[in-house]
Amino acid sequence: MPDEDGHPSPEEMSLPAVLNALSDPLRYAVVRELLGEPVGTERTCASFDLPVSKSTTTHHFRILREAGLVRQVDRGNSRAATLRRADLDLRFPGLLDLIAADGLTQVRRRPAGS
């Protein structure tokens, strides 16, 4: 059963839920950005500058949280998210490595000067 904030335990994380969360390009981009940060980095949802409304941003982070990809904590009038690296590596070994490698591939595909 998820905790009081809606975070599933590693055993409760399901591959279909994780893949569904990652199937959205904005949510995938959030996870890729968090992978580029030092371990344990907390970022507010607004810091990702997603091109959607505040309510849609909240929706995207709820999906990420409920799938187990991020842990969110209240920080006053905002929420901060951190990538659940250890839990994801334990439950789905290699998944984050694939996402990180894909992120590097995406960067390499950009034309020079972009």
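The values are calculated or read from the model by the stated rules, or taken from the named source; none is laboratory data. Only a predicted model underlies this, so the values are computations on that prediction, with no experimental measurement involved. For neighbour counting, all protein chains shown are included, and Cβ atoms are generated from backbone atoms with ideal geometry for every residue, glycine included. Surface areas here come from the heavy atoms of the whole protein model, side chains and all, with no ligands, DNA or RNA. Shrake-Rupley method; radii C 1.70, N 1.55, O 1.52, S 1.80 Å.
What FRET efficiency comes out for A86 versus E4 if R0 is 25 angstrom and r is the Cβ-Cβ distance? Round to the nearest 0.05.
0.75
Over the chain, with every protein chain in place, what whole percent of the accessible area is carbon and sulfur at 1.4 Å, could you tell me?
Percent of accessible area from carbon and sulfur atoms in the chain: 56.
222 nm [θ] for the chain, helices only, -39500 (n - 2.57) per DSSP H run of 4+, per residue, to 500?
Calculated mean residue ellipticity at 222 nm is -14500 deg cm²/dmol.
Using only alpha carbon pairs under 8 Å that are at least six residues apart, calculate the relative contact order of region 38-93 and give it in whole percent.
Normalised by residue count, the contact order of region 38-93 is 40 percent.
Using only the Cα atoms of the chain, what semi-axes does the equivalent ellipsoid have when each is the square root of 5 times a gyration tensor eigenvalue? Give whole Å, largest first.
Gyration-tensor ellipsoid for the chain: 22, 18, 13 Å.
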